[in-house]
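First up is the structure itself, then whatever we jot down about it.
Read-outs throughout are calculated quantities, based only on the coordinates presented, and are distinct from any laboratory measurement. Here the structure is a predicted model, which is why all the values come from computation and not from measurement. So basically every Cβ, Gly included, is an ideal-geometry build from the backbone, and we count neighbours across all protein chains shown.
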Amino acid sequence: MFDTWYTSKAMLTTLNNYGYPYVCMIKNNRKVMYNNRIKLDVKTISLLFNKKQFRYYSGTGFYIKAIEVTIPGIGKVKLAIVKNGYNATIQNTKFIITNILDTPAQEIVKKYLNRIFIFYFSANTTDKKR
């Protein structure tokens, strides 16, 4: 689980090659293929859905729409379009992907939100080994 600055084609390819699952945020200009269309950025894809097509998940506090897309050179991923409010603007919309295709929308977001605990645990474990 990591943020947008780690999400590169090389990183995702490496994780896929080793069979590691990932949940990460991507930038809104990331090009993907949806419904076998030409490459579109995820921001444009999010505009294909009206706000009634997003579901509110009280466990996360967000409105979420999850779809399968293909990232060229990477493969199929599940994209969670996450809005912070029913009338959220594109600036209040985040895009999270995972290669765990059967993960429900709210679980993708929960896994991503828990990333800070993994970083914290990892940092503390590393420090204690020194």
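Quickly work out the N114-to-K76 label distance, labels modelled 7 Å from Cα along the C-beta direction, and quote it in nm with one decimal.
Spacing of the two 7 Å Cα→Cβ label points: 2.4 nm.
Please give me the summed charge of the neighbours of P21: other residues whose Cβ is under 15 Å from its Cβ, Lys and Arg +1, Asp and Glu -1.
Numbers: positive: K76, K78, K110, K111, R115; negative: D102, E107.
Around P21, the surrounding residues sum to +3.
So for the pair S58, M11, with labels modelled 7 Å out along Cα→Cβ, what separation do we get in nm?
3.5
What length, rounded to one decimal in nm, is gained on full extension from Y20 through to L101, with 0.36 nm per residue of separation minus their alpha-carbon distance?
On the way: separation 81, 0.36 × 81 = 29.16 nm, distance 1.29 nm.
Result for the pair: 27.9 nm of gain on full extension.
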